[in-house]
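These notes are about the structure you will find just below.
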Amino acid sequence: MEASYYETIDGAVRCFLCPHQCRITKGNTGICRVRRNVDGKLVAETWGRISAIHKDPIEKKPLYHFFPGSTILSIGSVGCNMKCKCCQNWQISQVSATEFDFSREFAPEEIVTIAVTDKDNIGIAYTYNEPGMWFEYMFSIAGLIQERGLQNVMVSNGYISEQPLNDLLTCIDAFNIDLKGFTEDFYRSFTGAAL
């Protein structure tokens, strides 16, 4: 699937999804390891590829006073734009799409069907790895979930560029931003990103 938020420059691509703004040469990926330059086109390699799917209590996101006591379908893929030194989900966040053994691909409509089949489910939480890295897939599902009157939740490191964030604000109902620390030095040394 062709990715959003990039430009081509002499065969390389510049990704604008996050503040890293990776310049990616042909055949390679950015820092996230899941957005690849394929012949001058940026490809989102995790489209439809799910590493984890589970029904969770909303409090596990953790969200407080957002539909308390309810359950939500949680989904994740692989890849992250940070390199946190003590990541709890490193087995999925710190691998590429080609390094992970996905059992199958899911069309957005299939995920929506799973979500709406459970009468107690309030929607979908995009979580486990950094969901911003599979922006296109998440955004497609979120629109369908919104049409069904259900909720979209994003559990994120918050390291995203302004335009993609503005686009997400049209369909994400709740965000949990996992703040890693409070200083620029800590962010640079601990996450490989900026505060």
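The values are calculated or read from the model by the stated rules, or taken from the named source; none is laboratory data. This is a predicted model, so every value here is computed, not measured. Note: ideal-geometry Cβ built from the backbone for every residue, glycine included; neighbour counts use all protein chains shown. We work out accessible area using only protein heavy atoms, side chains counted, and drop any ligands, DNA or RNA first. Shrake-Rupley method; radii C 1.70, N 1.55, O 1.52, S 1.80 Å.
Could you tell me the center-to-center distance, by alpha carbons, between the stretch 169-185 and the stretch 117-134 in angstrom?
If we compute the Cα centre of each part, the gap is 16 Å.
In square angstrom, what is the accessible area per residue of the chain with a 1.4 angstrom probe? Intermediate values should be presented prior to the final figure.
On the way: 9420 Å² over 195 residues.
Counting only protein heavy atoms, the per-residue value for the chain is 48 Å².
Once you charge only the Cβ atoms, +1 for Lys and Arg and -1 for Asp and Glu, what is the size of the charge dipole of the stretch 20-132 about its Cα centre, to the nearest 20 debye?
Numbers: 14 positive and 12 negative charges, 111 e Å.
The dipole magnitude comes to about 540 debye.
Relative contact order for the stretch 1-157: what percent, with Cα pairs under 8 Å and sequence separation of 6 or more?
21
Could you pull out every one of the lysines with an alpha carbon less than 20 Å from that of LYS83, ignoring same-chain neighbours closer than 8 positions?
Partners within reach: LYS180.
Would you list, by chain and number, the lysines whose Cα falls below 27 Å from the Cα of LYS119, excluding same-chain residues fewer than 8 positions away?
Straight-line reach from LYS119, under 27 Å: LYS55, LYS60, LYS61.
Can you give the Kirkwood hydrodynamic radius for the chain, in Å, rounded to one decimal and based on Cα pairs?
Details: mean 1/r = 0.0588 Å⁻¹.
Its Kirkwood hydrodynamic radius stands at 17.0 Å.
To the nearest Å, what is the center-to-center distance of the stretch 100-114 and the stretch 37-82, using C-alpha atoms only?
12
How large a share of the accessible area of the chain, in percent, is made up of carbon and sulfur atoms when the probe is 1.4 Å and the other protein chains stay in place?
Roughly 53 percent, rounded to a whole number.
Calculate the dipole size of the chain relative to its Cα centre from +1 charges on Lys and Arg beta carbons and -1 charges on Asp and Glu beta carbons; express the result in debye to the nearest 20.
Numbers: 18 positive and 23 negative charges, 96 e Å.
In debye, rounded to 20, the chain gives about 460.
Could you rank TRP90, TRP47, TRP134 by how accessible they are, 1.4 Å probe, largest area first?
Greatest to least solvent exposure: TRP90, TRP47, TRP134.
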